[in-house]
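First the structure, in the form of structure tokens, and then the observations on it.
The values are calculated or read from the model by the stated rules, or taken from the named source; none is laboratory data. Predicted model only: the values in this text are computed from it and were never measured. Reconstructed Cβ throughout: ideal geometry from the backbone, glycine too, with neighbour counts over all protein chains shown.
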Amino acid sequence: MLRFAQDIISALLGKRSSEERENDAGNERPDLKRNKSEDVGPATNTDSPAVAESALGGGSARPAPKFNYILKVMNLPQGQIKPTKKFFADLGFNKIDKSPTKTFATITFDSEAKALDAQKAVDGLIYQQKYKIETEVMKRKEKVFKPRESKFANDTRTPTERLADQVTPLHKLPYDEQLKKKHEVNTNHLSNIKRQLMNLPDLSQAGKEQIAWAFEKTPRQLPCELAEPIASPELNGYRTKCEFTIGKNIDGEKTVGFLLGLFKEGQTGVQEPSECLHIPDSAKKIAAAMESYVRDSKYEVYDRVAKDGVYRGLLVRTPSTGEVMVLVQLKNDNMTTEEYEAEKKKIQDFWANFDQVKVKTLLLQTWNGQSNGITDQAETQILFGDGYVTEELLGCKFRISYNAFFQINTPATELLYQKCADWCKLDPSKKTILLDLCCGTGTIGITMAKSVDKVIGVEIVPEAIVDAKANAERNGITNVEYYASKVEDKLDVLTRSYDEEVVAILDPPRAGVHKSVIQAIRKSKIQRVIYVSCDAKQARDNFLGLCRPSSNQYEGIPFRPKQAVSVDLFPHADPSELVIEFTRDI
Ligand SMILES: C[S@@+](CC[C@H](N)C(=O)[O-])C[C@H]1O[C@@H](n2cnc3c(N)ncnc32)[C@H](O)[C@@H]1O
């Protein structure tokens, strides 16, 4: 409980969650999509003791204040974001924003009086001995959402059909056709590596010689062997994490499900998931129960246009162990403390007594900001249970918190990890170190830890590293070392002079890793990289970075793809994982 409270405080202090948000339609690989508004920092008042106190799970949560009053601080130099922020932080102001190209900054407050007091303190100060600060107090304009005319106006499909096409766009194809289609897409991505290498600008003769393999004629211009795709053992009901929207269906009834179409297209109707192929029955039952609950409630569901209403979202985790996590997201800034406390108790009683599915742990998130989905920036309390569910993969047990990244198709994930282990080809006669880069809750490294001398995991989300350490301990794994850091800020892990053989598994978010990571791998002694990509198009620059000829930017001997395979974690949906083994001799 204490650990969880610490996690929440970390979240409130602006640390990022392991999961970038999934869109409402239940798109795959939620870790990879982050709403821009969540990127720019906490939207709740991180300075408020009331929020910090209630985040501890006790106390009475008060509605989070809105920071609608802005002090515009003008006549500053361009750039200099850090020094500017420090200057104002030293004066006691923390909610500062500055664009690198602008000569002003903004400081936000939850009342006009505070903004005016700040103006008195700041106006006329001389910044860096030459910039005389001028100020202006403004009230934030309420954003008005104007739905565009719906592009679905002439759509003859039923809402259920539309939702199926949206969340499972391949559902009309037999499964082997779906696999072929994904295989074809990955074949093209792979052959593009070769094409792009051949067409690199300013490719010198020496450079060409380093990547001579790319100029060899091969079937379909593939740079390496591409194995037959690995099918998902389960085709339906495989999603172990579902994030539902609470809103109204197109008939105006309170509904829990997925948003039809995109909000920006003016589509605000929510459709029940009851017919969605990829959603498990337990999650459907929970969504249906929540729907009955909100229909019986005196409170309104959240209206995304008016930005009003109480019930906003529902997260359900249903790992293969049968444990179930439910998280309900509320907007509470228009409720009194008594109303909020009473509602909290009602939700708690409802799920504690729910007899169709046993809920192991219930969480309540209060979020008054603008982002759509469940967010790690908001106050999140445990109403019962310990705040975790357990998943089992390849004989290891993993605890998962509500905001941790975890693959959503367990049997297919086991095949994916097994493939990574096979391709690591660990030689038992040699000492080996496995670098688990972007390790999340430690899954890949922990499942392979017994075959190596040491696993070193690096992950950006501190809470995921806490989970990873707990997971290692729970599985009796002691040869692990974890760092809560961006990989690009922990490059020494790659470039240390190890005595052992080092193999790197890189399982980054959709956009791939920062190029400095690829540059460091190139400079290191690493001879083998297993790259797990969920979007080979976006990972293209990383692939090219590994393979391009040596240069000032990309030192070291280039890698080349040795083998590749697609693993399908998302039947009926578009994405598919592409695993590529890159090797080099040094
Ligand atoms: C696709 S997930 C893989 C997680 C883990 N390997 C697994 O299979 O469960 C990508 C992970 O990369 C983390 N991540 C994103 N950007 C990162 C960065 N710059 N440095 C380190 N980790 C990062 C995310 O938080 C997420 O846990």
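With respect to (1) crowded, with 17+ Cβ neighbours inside 10 Å; (2) more than 12 Å from the ligand (Cβ to nearest atom), the lone exception for Arg496 is condition (1).
If you go through the range 149-162 and keep only what is modelled with pLDDT under 65 and touching a Lys or Arg at 6+ places or on another chain (Cβ under 8 Å), you end up with just Phe152. Filter the range 298-320 for residues that are touching a helix residue (DSSP H, G or I) at 6+ places or on another chain (Cβ under 8 Å) and not in a strand (DSSP E or B) and give the result. Selection gives Tyr299, Arg304, Val310, Thr318, Pro319, Ser320.
Among the residues of the range 383-423, write down those that are among the hydroxyl-bearing types (Ser, Thr, Tyr) and within 13 Å of the ligand (Cβ to nearest atom). Ser401, Thr410, Thr413, Tyr417, listed by residue number. Listed conditions (1) of a type in the set (Gly, Ala, Ser); (2) surrounded by 17 or more Cβ atoms within 10 Å (Cβ to Cβ); (3) without any contact (Cβ under 8 Å) to a residue 40 or more places away in the chain are all met by Ala212, apart from (2).
In this structure, Gly309 qualifies as surrounded by 15 or more Cβ atoms within 10 Å (Cβ to Cβ) and at positive phi. May I ask you to verify whether Ile193 is in the same structural domain as Gly257 (by TED's automatic domain parsing) and at pLDDT 95 or above? No: the conditions fail for Ile193. From the set of residues in the range 334-389 that are part of a strand (DSSP E or B) and touching a Gly at 6+ places or on another chain (Cβ under 6 Å), which is farthest from Glu323 (Cα to Cα)? Step by step, filter the range 334-389, then rank; the result is Gln381.
Could you list all residues from the range 479-493 that are within 14 Å of the ligand (Cβ to nearest atom) and assigned to a loop (DSSP other than H, G, I, E, B)? Ser485, Lys486, Lys490, Leu491 - these are the residues of the range 479-493 that are within 14 Å of the ligand (Cβ to nearest atom) and assigned to a loop (DSSP other than H, G, I, E, B). Restricting attention to the range 98-120, the residues being touching a Ser or Thr at 6+ places or on another chain (Cβ under 7 Å) and modelled with pLDDT under 90 number 1.
When restricted to residues that are within 15 Å of the ligand (Cβ to nearest atom), more than 23 Å from Ser524 (Cβ to Cβ) and modelled with pLDDT of 95 or more, the range 447-478 contains 6. Take the conditions (1) away from the ligand (no atom under 15 Å from the Cβ); (2) closer than 30 Å to Thr168 by Cβ; (3) surrounded by 20 or more Cβ atoms within 10 Å (Cβ to Cβ); Lys537 misses just one of them, which is (3).
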